[in-house]
1. For segment 47-197, what % of the accessible area comes from carbon and sulfur atoms, probe 1.4 Å?
2. Quick one: which residues, 5+ away or cross-chain, put their amide H under 5 Å from the amide H of residue 63? H built at 1.01 Å from N.
3. So, R0 is 22 Å and r is the distance between the beta-carbons of residue 120 and residue 207; what FRET efficiency does that work out to, to 0.05?
4. Quick one: dipole size for the chain, taken about the Cα centre, charges +1 on Lys/Arg Cβ and -1 on Asp/Glu Cβ, in debye to the nearest 20.
5. Amide H of residue 198: which non-local residues (sequence gap of 5 or more, or other chain) have their own amide H closer than 5 Å, using H built in the peptide plane?
6. Quick check for segment 28-187: number of Lys pairs with alpha-carbon distance under 18 Å, counting only pairs 8 or more apart or on different chains?
7. Stretched out fully, how many nm does the piece from residue 177 to residue 149 gain, at 0.36 nm a residue minus the Cα gap?
8. Please quote Rg/Rh for segment 32-234 to two decimal places, taking the Kirkwood radius as Rh and restricting both calculations to Cα atoms.
Amino acid sequence: MKSIPLKASSKIVLSLLLTFATQNVYAACVDNVVLVHGNTGTPSDWNNTYDLLKAKNYKDSEIFRPSWGGSSASYNNHSGSEETPVKNAINSAIASSCTGKIDIIGHSMGVTLAAQQVIKLGKSNKIDAFVGVAGAYRGLWTCGAYPWNVWTPTCGASGLSVSSPFLDWLEGKTIASRVYSIKSWSDQIVCGSGTCRAGGIHSSQIDNENATYSYNLDHFGLQTNTAQKQYDLIK
């Protein structure tokens with residue numbers, strides 16, 4: 001058997017090492033993920049999702065958890081200071097993404113707030129997957145129908161009253177390449193008026209979505225107990 005010269009052998013080994021290293025780099029390149037909590041929530045509300053992402057080898061630098069809003073649920077809406085942390089997180093995630101795209105998972109008011117910022121930034125082409133968990137994309141009947149019985153900023157023109165100017169503006173707009181909603185017919189917030197539907201459709205469903213998934217969980221359980229589904233949807 002003819003032996004391979006030492007110099008040639010070294011080149012082969014080096015070539016194999018470079019190929020392996022290159023494959024590892026590509027395998028490690030994933031979309032950055034932005035996790036947007038709900039009204040009066042905190043970034044730690046995403047701990048289950050964060051822990052799963054870490055277990056799947058995401059780095060801290062690839063996970064963004066903006067903190068937005070004040071402590072009064074009645075005064076947070078989609079206008080002003082609430083916007084800035086989410087906008088900054090989306091911009092930062094896109095800027096540092098090795099794929100050039102990101103994924104967004106929002107909960108409750110974080111769904112509509114994240115969608116708003118994607119549209120205002122003109123970045124829908126940079127969002128690969130958008131997952132809305134227990135959102136009120138079509139409004140909350142507990143907030144009334146705009147402009148009647150609207151008493152607080154959360155339910156006002158920039159809030160979640162059914163057919164508010166904000167929600168009418170949001171309707172039908174493109175927010176990502178792939179869009180999914182996770183909902184419940186037992187959601188005590190979205191279905192708090194006794195019905196989950198607005199305009200004949202579950203209020204958590206998002207316009208032009210690819211699919212929707214229902215769970216027998218409450219409003220907050222949808223966020224904490226569907227981490228695996230959230231991960232599956234952004235892959």
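1. C and S atoms contribute 48 percent here.
2. So residue 63 has HN proximity to 33.
3. 0.85
4. 1020 debye
5. Result for residue 198 returns 203.
6. 12
7. 6.4 nm
8. Answer for segment 32-234: 0.94.
The values are calculated or read from the model by the stated rules, or taken from the named source; none is laboratory data. None of the values given here were measured: they were computed from a predicted structure. Cβ: placed from backbone, ideal geometry, glycine included. Neighbour counts: every protein chain shown. Just so you know, the surface numbers come from the protein's heavy atoms only, side chains and all, with ligands and any DNA or RNA stripped out. Shrake-Rupley method; radii C 1.70, N 1.55, O 1.52, S 1.80 Å.
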